[in-house]
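Working notes, structure below.
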Amino acid sequence: MINYIIQRVVHAVIIIVLVSLAVFLLIRMLPGDPIEIIVSQNTLASYGPEYYDQLAHEYGLDRPVMIQFVDWFGNIIRGEFGNSILHNFNIGEQIKDRLTVTLLLGLTAFVISFIVGPLLGIISAIRRGTWIDNLVTVVANIGITAPTFWIGILLIYFVGLKAGLLPLYGYTLPWTDLGLSIRQSIMPIIVIALSPIASSARQMRSSVLEVLNEDYVRTAWAKGLKEKAVIYKHVMKNSLMPVITLQGTMLRQIIGGQVVVETVFVIPGLGKMMVDAFLSNDYPVVQAVTLVMTIVVVISSLVVDFLYGWIDPRIQYE
Amino acid sequence: MDIDIANKDDFELLEEELLPPVNEVKRFIRVFFRRKIVVVGFILVIIFLFIAAFAGLISPYDPYEQDLYNVLSDPGGAHLLGTDALGRDLFSRLIYGTRTALAVGASTALVAAAIGTVIGLIAGFAEGPAQTIIMRLTDAMMAIPSLILQIIIASILKAGVPGVVFAVAISLVPGFIRLTNGQVLSLKQNDYVLAARSMGSSRIRIAIFHILPNCLSPLIVQITMMMGIAILAEASLSFLGMGILPPTAAWGSMAYDGYRYLTTQPLLSIAPGLAIMFLVFSFSMIGDGLRDALDPKLRGTTS
């Protein structure tokens, strides 16, 4: 077990370094850099094109790329993310604030989809063919085939604008104003959780249908157990396993969904920061955000993997 | 009764008993169209293909013609679904958007399939450390959320159709590598591969003439499924401003442009999203139907 953990952590570190290096190199190889943007935006002000070299030197962008990388990585390990070239904010502080928002929304969505998805799956499997099964199937199909941003837009239009029930956009931290924070989080969380709910409900439905045909379920019915006992004790436990192995996929859906949702609902999270940084080619921000994103992804998939072992003792770690 | 295979009559009798005559095409059609929802998906795709092919004839206006006296006009009247902020006809842009979506979906899935299949075949045949390294890298890529991967690649390649196709294709490649690798590993156990090898066929010959044809059914299913996924991914990227940029009529960027006018002209952002959902849904249904019809072993499994 200890060996396995060490091995996984080493793998994780290798992935983090490789992704950072790849993004670091690739983004520099392509045309258009932040210095050019500064220079072109300020032709009338203090910086003319002749300042390009001076500025590039100031930001250390004229040095060999590998030296820049080693230098940057060293700073990161010391906890210094540096400043944005274009907007001059402190990247470390900005990331801290935004990561809090993203984690709050993401974890809530994860927990909700982990409970709601399988529950819907069970209900639709044991009430197979009824209206509730059809409803779940339709919702699951929408969750899988509809674009995330579109669900968000629909909710904003009908729930926010037409019905006026919830705030349209923005985000407030729960410790600033709990009521407002909850009201602002409802729609984004629904949108983020919809596609993981859809895929886990589908998986749960087919796995429950399979388990219902097992001999031990027939035995449980035959010995006169009540429906609740059969479903909770025999069906649910045994059909949950394939759904639990789906958690990794759900996690990726949530992280991807957040990037879109933060743009639709104008939420100051890490995903929005990533999109903005990539759109403006702000090197230090792009590097820092990619690094933090990769770390979040790698750590959460590590946690999910260890959870499997905790839930299903049959899984052996080599 | 003694059966003598050398005897022609006996042989035919035996053949008939062993293989009841089944028309493969008829069986395929029967299984494929058995589920109503698959039929719906199939008809929808035919309609979308028709719209894409005859976009020029169907659309009432030029999708790129700006009418600045008629911006953000209401649905109905001269413009069926109204106009956008530059006075372009929404209905015509939706029609031309079908072309973009189908072209991007098909080319992305095919590029991903081509790259993934070759790498998967190599991995399956290489064995040893080469296979381990390829599959580890594949796992690592699959661990990254696909949208994040697409954003990184698309922004490095810059926006535009080729950039988007390549970015989305790369994120789909690991799925194809895994599929082909798995197929190769199981197909390699077959006697006909052993026979081919004992006749002195090279590994490349075995891969191309014996293994690849037997991978085709699951590959076709995967390609169909991935077309829908690719269209969805392109739309998300375009919505974020990293995919296909205006003025090209693409549903994702149309939805983003229209989003700013949600209070007054909700159709501008809602209609393109609806179109995306229908197209993605139909590809997913056709994929389901194909899976049932082509690979009975996979029937009933979810994806």
Q: Rank these by accessible area, largest first, 1.4 Å probe: A:V159, A:V243, A:V10.
A: A:V10, A:V159, A:V243
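Just tell me how shielded B:135-147 is by partners: mean number of partner chain Cβ atoms within 10 Å of each residue's Cβ, no decimals. Intermediate results must be reported in sequence, preceding the final value.
Numbers: counts 0, 3, 2, 0, 2, 7, 1, 4, 12, 10, 13, 4, 10.
Mean shielding by partner chains, rounded to a whole number: 5.
What FRET efficiency comes out for the pair A:L166/A:K228, r = Cβ-Cβ distance, R0 = 45 Å, nearest 0.05? Don't jump to the answer; show the numbers that get you there.
Values: r = 36 Å, r/R0 = 0.79.
The formula returns an efficiency of 0.80 here.
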Q | Most mobile listed residue (B:G200, B:G124, B:G273) in chain B, GNM with C-alpha springs under 10 Å | A | B:G200
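Where only protein heavy atoms count, and the probe is 1.4 Å, what is the accessible area per residue for the protein assembly as shown in Å²?
Values: 30980 Å² over 621 residues.
I get 50 Å² per residue for this part.
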Q: Round to a whole angstrom and tell me the spacing of the C-alpha centers of the stretch A:236-254 and the stretch B:217-290.
A: 26
Q) In square angstrom, rounded to the nearest 10, how much accessible surface does A:Y52 have for a 1.4 Å probe? A) 70
Q) Over all residues in B:258-264, what is the mean tally of Cβ atoms on other chains that come within 10 Å of each residue's Cβ? A) 3
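So, counting K/R as plus one and D/E as minus one, what does the shell of residues with Cβ under 11 Å around B:A123 add up to? Before the final figure, lay out each step's value.
Numbers: positive: B:R136, B:R178; negative: B:E127.
Net charge in that neighbourhood comes out at +1.
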Q: Please give the solvent-accessible surface of B:L212 in Å², to the nearest 10, using a probe radius of 1.4 Å with every protein chain present.
A: 50
Q: Assign unit charges at the C-beta atoms only (+1 for Lys and Arg, -1 for Asp and Glu), then state the dipole size of the protein assembly as shown relative to its Cα centre in Debye, rounded to the nearest 20.
A: 1580
Q) Short version: which residues of the stretch A:117-158 lose at least 50 Å² of accessible area, all chains versus chain alone, 1.4 Å probe? A) A:T145, A:P147, A:F149, A:W150, A:I153, A:Y157
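What is the count of Lys pairs in chain B whose alpha carbons sit under 28 Å apart, if the two are 8 or more places apart or on different chains? Don't skip to the end; give the middle numbers.
On the way: B:K26/B:K36; B:K26/B:K297; B:K36/B:K297; B:K188/B:K297.
So the count of such lysine pairs works out to 4.
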Q. Which residue, chosen from A:A201, A:N238, A:V138, occupies the Cα position most advanced towards the positive end of the dipole of the stretch A:102-268, where the dipole is computed from +1 (Lys, Arg) and -1 (Asp, Glu) charges on Cβ about the Cα centre?
A. A:N238
Q | Summed residue charge, Cβ within 15 Å of A:K233's Cβ, Lys/Arg positive, Asp/Glu negative | A | +3
Q.
Going by Cα centres, the stretch A:177-201 and the stretch A:128-162 are how many Å apart?
A. 13
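By accessible area of protein heavy atoms, probe 1.4 Å, what ranking do B:R203, A:R63, B:R93 get, highest first? Present the calculation step by step, with values, prior to reporting the outcome.
Working: B:R203 135, A:R63 90, B:R93 10 Å².
Result, largest first: B:R203, A:R63, B:R93.
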Q) Given a cut-off of under 8 Å on Cα pairs at least six residues apart, what relative contact order in percent is computed for the stretch A:232-318? A) 25
Q. Roughly how many percent of the accessible protein surface of the stretch A:102-268 is carbon and sulfur, given a 1.4 Å probe and a whole-percent answer?
A. 66
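At 1.4 Å probe size, put A:D133, A:D305, A:D71 in order of accessible surface, largest to smallest. Each step should come with its number before you reach the end.
Working: A:D133 5, A:D305 45, A:D71 65 Å².
Ranked list, largest accessible area first: A:D71, A:D305, A:D133.
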Q) Leaving out ligands, DNA and RNA but keeping every protein chain, what accessible area does A:H57 have, in Å² rounded to the nearest 10, with a 1.4 Å probe? A) 120
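Calculate what fraction, in whole %, of the accessible area of chain B sits on carbon and sulfur atoms when a 1.4 Å probe is rolled over the protein chains.
On the way: 9900 of 14810 Å².
That share works out to 67 percent.
Relative to the Cα centre, what is the charge dipole magnitude of the stretch B:209-303, using +1 at the beta carbon of each Lys and Arg, -1 at the beta carbon of each Asp and Glu, and rounding to the nearest 20 debye? Mind dumping the intermediate values first?
Working: 4 positive and 5 negative charges, 19 e Å.
Using Cβ point charges on Lys, Arg, Asp and Glu, the stretch B:209-303 gives about 100 debye.
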Q | chain B: most fluctuating residue of B:M225, B:M199, B:M254 per GNM, C-alpha cutoff 10 Å | A | B:M199
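Just tell me how shielded A:254-260 is by partners: mean number of partner chain Cβ atoms within 10 Å of each residue's Cβ, no decimals.
Numbers: counts 1, 5, 10, 3, 3, 7, 6.
Average neighbour count from other chains, rounded to a whole number: 5.
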Q: List the relative contact order of the stretch A:52-137 as a percent without decimals, with contacts defined as Cα pairs under 8 Å and 6+ residues apart.
A: 11
Q) Computed on protein heavy atoms with a 1.4 Å probe, what is the summed buried accessible area for the chain pair A and B, in Å² to the nearest 100? A) 3500
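Please list A:114-120, A:308-314 highest first by mean number of surrounding beta-carbon atoms within 10 Å per residue.
Values: A:114-120: 20.0, A:308-314: 11.3.
Descending mean neighbour count gives A:114-120, A:308-314.
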Q: Please give the net charge around A:S84, taking every other residue with its beta carbon less than 12 angstrom from that of A:S84, where Lys and Arg add +1 and Asp and Glu add -1.
A: -3
Q.
Compute the angle between helix A:283-311 and the longest alpha-carbon principal axis of chain A, please, reported from 0 to 90 degrees and rounded to the nearest 10.
A. 20
(Q) Looking at the calculated P(r) for the protein assembly as shown, what percent of the C-alpha pair distances fall above 40 Å? (A) 36
Q.
Can you list the residues in the stretch B:274-289 whose accessible area drops by at least 50 Å² when all protein chains are present, compared with the chain alone? Use a 1.4 Å probe, heavy atoms only.
A. B:M277
Q.
Highest mean first, how do B:165-176, B:45-56, A:170-181 rank when packing is the count of other Cβ atoms within 10 Å averaged over residues?
A. B:165-176, B:45-56, A:170-181
Q.
What FRET efficiency comes out for A:I77 versus A:L178 if R0 is 35 angstrom and r is the Cβ-Cβ distance? Round to the nearest 0.05.
A. 0.45
Q | Orientation-averaged projected area, Cα convex hull of the stretch A:102-268 (nm²) | A | 10.8
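So if R0 is 35 Å, what FRET efficiency would A:S206 and B:D139 give, r being the distance between their Cβ atoms, rounded to the nearest 0.05? List each step's numbers first, then the result.
Numbers: r = 25 Å, r/R0 = 0.71.
E(calc), rounded to 0.05, equals 0.90.
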Q) Nearest 20 debye, what's the magnitude of the dipole of the stretch A:102-268 about its Cα centre given +1 on Lys and Arg Cβ and -1 on Asp and Glu Cβ? A) 460
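Pairs of Cα atoms under 8 Å, at least six residues apart: use those to get the relative contact order of the stretch A:102-268, whole percent. Intermediate results must be reported in sequence, preceding the final value.
Working: 195 pairs, mean separation 60.4, N = 167.
RCO, the stretch A:102-268: 36 percent.
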Q: For chain B, report the convex hull volume of the alpha-carbon atoms normalised per residue, in Å³, without decimals.
A: 179
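The values are calculated or read from the model by the stated rules, or taken from the named source; none is laboratory data. Nothing here was measured: the structure is a model prediction, and the numbers come from that model. Glycine gets a Cβ as well: all are built from the backbone with ideal geometry, and neighbour counts include every protein chain shown. Note: accessible area is taken over every heavy atom of the protein model, side chains too, but ligands, DNA and RNA are not part of it. Shrake-Rupley method; radii C 1.70, N 1.55, O 1.52, S 1.80 Å.
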